[in-house]
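Encoded as structure tokens, the structure appears first; notes follow it.
All of the numbers you see were taken from the coordinates with simple rules; none came from a lab. Please read all numbers here as calculations on a predicted model, not as lab measurements. Cβ placement follows ideal geometry from the backbone for every residue including glycine, while neighbour counts extend to all protein chains displayed.
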Amino acid sequence: MFTAYPMIVETVARAGFDSVTLDAQHGFATFETIAEGVAAAALAGKPAMVRLPLGGFALGARALDVGAAGLVAPMIDTAADARAFVDAVKYPPVGRRSWGPVRAMGLTGLSRDAYLATANDLTLALAMIETETALRNVEEILAVDGLDGLLIGPNDLSVSLSAGAAVDPAHPGVVAALAKISAAAKRVGKPVAIFANTSAFASDYVRRGFPMIALGPDLAFLSAGAERALSDVFDAPATGEGPGG
Ligand code: 3PY
Ligand code: MG
């Protein structure tokens, strides 16, 4: 979700997706709108994930406190990056998340003890693999205890692999990387998600076996719907009624 308005979050959540992701890296999500967005998704019966700004692990811990079901950390390049992420968002002994999930307990209906006992399993921590360096280090990143899985950013990965020459998720280097990342994750039993710019990319990723695909953003849905509505006006068969006869 590029926008962060609760009603748009709820509308998209009701469209049939399994979850929505509020974007605090490139989108408008802030702590306040994350709190509202998580609640709006909950109204639709859906979990909300949050993509953090670069290095924004503190915001990640706060997002979990207000009931986010998972976090996506962009530009994780090394095991040390992944470790810092996990430290901030998982309770001991896995990490050092600080206690204070007041809203999350309300939304989940869990008692204090039950939340503490289950939060590390109930909240996803996904590291974005989207640079050549991350690709080189993917096995070490995957080995970080408490990191639940990966999310591939094919746009940034193409920018990195082409040394800044192109944004192209179909870049051959990116396509080869998908197989390498998936194989490494499979070896350690962790899932790999991927961002899809279009439904066509999403279909391709479904065929490639990705278990979780982030399709969007919401602004693309809005502009596609608006263009479709406008073109339908002129494509519609004549009714024979109205001022023109
Ligand atoms: C990427 O493809 O680089 C992304 O971060 C998708 O949002
Ligand atoms: Mg990216």
Next item on the list: With N denoting the number of residues in the stretch 1-53, provide Rg(C-alpha) divided by 2.2 N^0.38 Å, to two decimal places.
Entry: 0.95
Checklist line | Exposure proxy ranking, count of Cβ atoms within 10 Å, fewest first, for GLU36, GLU140, GLU227, GLU130 | finding: GLU227, GLU140, GLU36, GLU130
Margin query: Can you work out the Karplus-derived ³J(HN,Hα) for every residue in the stretch 24-39? Use 6.51 cos²θ - 1.76 cosθ + 1.60 with θ = phi - 60°, whole Hz, and x for glycine or proline.
Written below: 9, 8, 10, x, 9, 5, 10, 4, 5, 6, 5, 4, 6, x, 4, 5
Next item on the list: Report Rg(Cα)/(2.2 N^0.38 Å) for the stretch 6-223, keeping two decimals.
Entry: 0.98
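How big is the Kirkwood radius of the stretch 128-228, worked out from every pair of different alpha carbons and given in Å to one decimal? Working shown, then result.
Working: mean 1/r = 0.0707 Å⁻¹.
Computed over the stretch 128-228, the radius equals 14.1 Å.
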Next item on the list: Within 10 Å of each residue's Cβ, count the other Cβ atoms and sort VAL50, VAL174 from fewest upward.
Entry: VAL174, VAL50
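Take VAL175, VAL188, VAL233 and order them by how many other Cβ atoms sit within 10 Å, fewest up front.
On the way: VAL175 14, VAL188 11, VAL233 7.
The fewest-first ordering by Cβ neighbours comes to VAL233, VAL188, VAL175.
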Checklist line | Cα lying deepest toward the dipole's positive end in the chain, options ALA58, TYR91, PRO6, charges on Cβ | finding: TYR91
Check: Of HIS171, GLY16, GLY27, which is farthest along the charge dipole of the stretch 6-223 in the positive direction, counting Lys and Arg as +1 and Asp and Glu as -1 at C-beta?
Finding: GLY16
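Over the residues of the stretch 203-245, compute the C-alpha Rg and express it relative to 2.2 N^0.38 Å.
Values: Rg = 18.0 Å, N = 43, 2.2 N^0.38 = 9.2 Å.
Normalised Rg, Cα atoms only: 1.96.
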Item checked: Kirkwood Rh in Å, taken over the stretch 76-174 so that all alpha-carbon pairs contribute -> 15.0
